[in-house]
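Values in this text are rule-based calculations from the coordinates and carry no lab data. As the structure is a prediction and not an experimental result, all values here were calculated from the model. Don't worry about glycine lacking a Cβ; one is built from the backbone with ideal geometry, like all the others, and counts go over all protein chains shown.
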Amino acid sequence: MVVWLMLKSFSSALSRWVWAKAVTRKLKEYIKEHNESNIRFQKRIHLPSGKSPRQYLESCAQYGGTNEMIEVPADVIEALVEEHVPANWSHVVEEAEETLANELYEKLGFPVITGLNAWDIWGSMIDLLETA
């Protein structure tokens, strides 16, 4: 009974761990796609068009803009993070659960986790745990 309860508890944590990986991957894809895809050229608008947001940001003067970015020193950012962000803000599972999840993930050969296969990978990780 105790083993079953521990497995049930861990399976819930493992699902959060797997889905966090899938969502993080999708968000990174979206950001890359958004920043690197070209905005269609539009002759009659005042905003830049025909290039990607990243191209405009990296060479705004070439397109009639000015760089208004304010560089914030790394130590200032670190101090703000330390002051305002909880230490475990990005943890979806406890440290021991994360260690076990990483070990199971490694045993599977580090497959790419997506929204299409997250539950399959979760199931394979649970199977590994049950046979251990």
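Taking Rg and Dmax of the Cα atoms in Å straight from the coordinates, which label in (1) 22.1, 70; (2) 13.2, 37; (3) 14.3, 50 is the correct one? Computed from the coordinates, Rg and Dmax of the Cα atoms in Å corresponds to (1).
Exposed loop sites here are chymotrypsin sites (Phe, Trp or Tyr not before Pro) in DSSP loop states with at most 14 other C-beta atoms within 10 Å. What is the longest stretch of the chain lacking them? Answer - 42-88. Rounded to the nearest 500, the helix-only mean residue ellipticity at 222 nm of the chain stands at -20000 deg cm²/dmol, with each DSSP H run of n ≥ 4 adding -39,500 (n - 2.57). Dipole check for the chain: with +1 at the C-beta of Lys and Arg, -1 at the C-beta of Asp and Glu, and the Cα centre as origin, the magnitude is about 1060 Debye. Arranged from fewest to most other beta-carbon atoms within 10 Å of their beta carbon, M125, M69 become M69, M125. Each residue, N102 and V72, gets one label point 7 Å from its Cα in the Cβ direction; the gap between the two is 2.8 nm. Restricting attention to the range 1-126, the count of lysine pairs at 8 or more positions apart or across chains with alpha carbons under 24 Å apart stands at 9. A Förster distance of 35 Å, applied to the separation of the beta-carbon atoms of K51 and E83, puts the FRET efficiency at 0.40. Roughly speaking, what is the centre-to-centre gap between the range 114-132 and the range 75-102 when only Cα atoms are used, to the nearest Å? That distance is 25 Å.
Distance between the modelled labels on L27 and S11, one decimal in nanometres: 2.8 nm (7 Å Cα→Cβ projection).
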